[in-house]
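Chemist: Here you go, one structure.
Read the figures in this text as sums done on the coordinates, not as results from a lab. All values derive from a computational prediction rather than experimental measurement. Here the Cβ positions follow ideal geometry from the backbone for every residue, glycine too, while neighbour counts run over all protein chains shown.
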Amino acid sequence: MKELSEEYWNNRYLAQQTGWDIGCISPPMKAYFDQLTDKSLRILVPGAGNAWEVEYLYDNGFHNTFLLDFAEESIRNFKSRCPQFPDANILREDFFTHRGQYDLVIEQTFFSSLRPERRMEYAARVYNLLVKGGRLAGLLFSEPFGFEGPPFGGTPSEYEAVFSKYFEFKAFSLAYNSIKPRSGRELFILLTKS
C-alpha cells in the first residue's frame, strides 16, 4: 500500500501524472459558482491541486477564496498561471491540521484522493471548518473503481453514511453537466452544516 504523502503528491505533479486534472474548471462547479451572489463568502478549496476552481472564483470577484494544498509543485503551477492571486490566500498545509472558519468548502477530487478509512475524519474536519449554516459543495465519484486508488470511488449509500452525521443534504444527485468521460459517474453534493 503506497503512502499518500506530501512527497507522493509532489512527485505526481513533477511527473505530470495528474489524470484527475481536466485542465479547467469542471462544468458542474462552474454552474454552481455562477449562481452565487455573495462575493464576501470565505471559501476554502482543500487539496486544490492546480486549482482551476480557485482561479475561477477569484477572477469572478470572490476574493476571500483560499487554496489549500501541501504539494509544493501544484502551488508553483498555480502561482505561475495566476500571479495576481494573493500569497496570503495560499495555504501550504495539511487539511487535517488546518484551522480556520469558512462559509463554503469546495470538494473537487480531494475526497477521492483520500483512503476510504479517512472519510469520516474528512467529514468531521469540514464540519469544524464551517461556520454555522456553512456549506460543503462539490463532486464525488458515484461508483467504486476496480483498482486500488487513488482515486478512490464509492457509492451514494457509503457517502450518505459518512456525511449524514454532520450535514443536512440539500443536493445529492448525479451531475447533469459533467465532462463526457465522467458523465453519469459524478454526484453533485450540496450539504449544510447541521
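Chemist: Extending each Cα 7 Å along its Cβ direction at LYS39 and ASN60, get the distance between those two points in nm, one decimal.
Modeler: Placing both labels 7 Å beyond Cα along the Cβ direction yields 1.3 nm.
Chemist: Hey, can you grab everything whose amide H is under 5 Å from the amide H of TYR102? Only 5+ residues off in sequence or another chain; H modelled, so Pro and N-termini drop out.
Modeler: LEU130, VAL131
Chemist: Continuing with this model, one more query. Got the relative contact order for region 73-194 handy, in percent, Cα pairs under 8 Å and 6 or more residues apart?
Modeler: Working: 181 pairs, mean separation 30.4, N = 122.
This gives 25 percent for region 73-194.
Chemist: How big is the gap, in Å, between the Cα center of region 178-194 and the Cα center of region 106-125?
Modeler: 14
Chemist: OK, next. Quick one: Karplus J couplings for region 89-98, per residue in order, coefficients 6.51, -1.76, 1.60, θ = phi - 60°, nearest Hz, x for Gly and Pro?
Modeler: Running phi through 6.51 cos²θ - 1.76 cosθ + 1.60 with θ = phi - 60° gives 9, 9, 10, 8, 8, 7, 3, 6, 10, 5 Hz.
Chemist: Just name one of TYR32, TYR159, SER178: the one whose Cα is farthest towards the positive end of the charge dipole of the chain (beta-carbon charges, Lys/Arg +1, Asp/Glu -1).
Modeler: Farthest towards the positive end: TYR32.
Chemist: So between SER173 and GLU117, what do we pick up on full extension, going 0.36 nm a residue minus the alpha carbon distance?
Modeler: On the way: separation 56, 0.36 × 56 = 20.16 nm, distance 2.32 nm.
Net length gain for the segment: 17.8 nm.
Chemist: So which residue, out of ARG99, ARG115, ARG135, gets the largest mean-square fluctuation from a GNM of the chain using Cα contacts under 10 Å as springs?
Modeler: ARG99
Chemist: Report the charge-dipole magnitude of region 34-110 in Debye, nearest 20, computed about the Cα centre from +1 at each Lys and Arg Cβ and -1 at each Asp and Glu Cβ. Before the final figure, lay out the partial values.
Modeler: Numbers: 7 positive and 13 negative charges, 39 e Å.
It works out to roughly 180 debye.
Chemist: Between ALA124 and GLU160, what is the label-to-label distance in nm when each label sits 7 Å out along the Cα-to-Cβ direction?
Modeler: 2.4
Chemist: If you place +1 on the Cβ of every Lys and Arg and -1 on the Cβ of every Asp and Glu, how big does the dipole about the Cα centre of region 39-194 come out, in debye to the nearest 20? List each step's numbers first, then the result.
Modeler: Working: 19 positive and 19 negative charges, 71 e Å.
Result for region 39-194 is approximately 340 debye, rounded to the nearest 20.
Chemist: Right, another one. Can you tell me the mean projection area, over all orientations, of the convex hull of region 94-136's alpha carbons? Units nm², please.
Modeler: On the way: hull surface 11.6 nm².
Value for region 94-136: 2.9 nm².
Chemist: Another question about this same structure. What list of ³J(HN,Hα) couplings, whole Hz, do you get for region 167-178 from phi and the Karplus terms 6.51, -1.76, 1.60, once you set θ to phi - 60° and write x for glycine and proline?
Modeler: 10, 9, 8, 9, 9, 6, 8, 4, 5, 8, 10, 5
Chemist: To the nearest 500 deg cm²/dmol, what mean residue ellipticity at 222 nm is calculated for the chain from DSSP H runs of n ≥ 4 alone, each contributing -39,500 (n - 2.57), summed and divided by the residues? Let's see the in-between values first.
Modeler: On the way: 6 runs with 54 residues, N = 194.
-8000 deg cm²/dmol, from helical runs alone.
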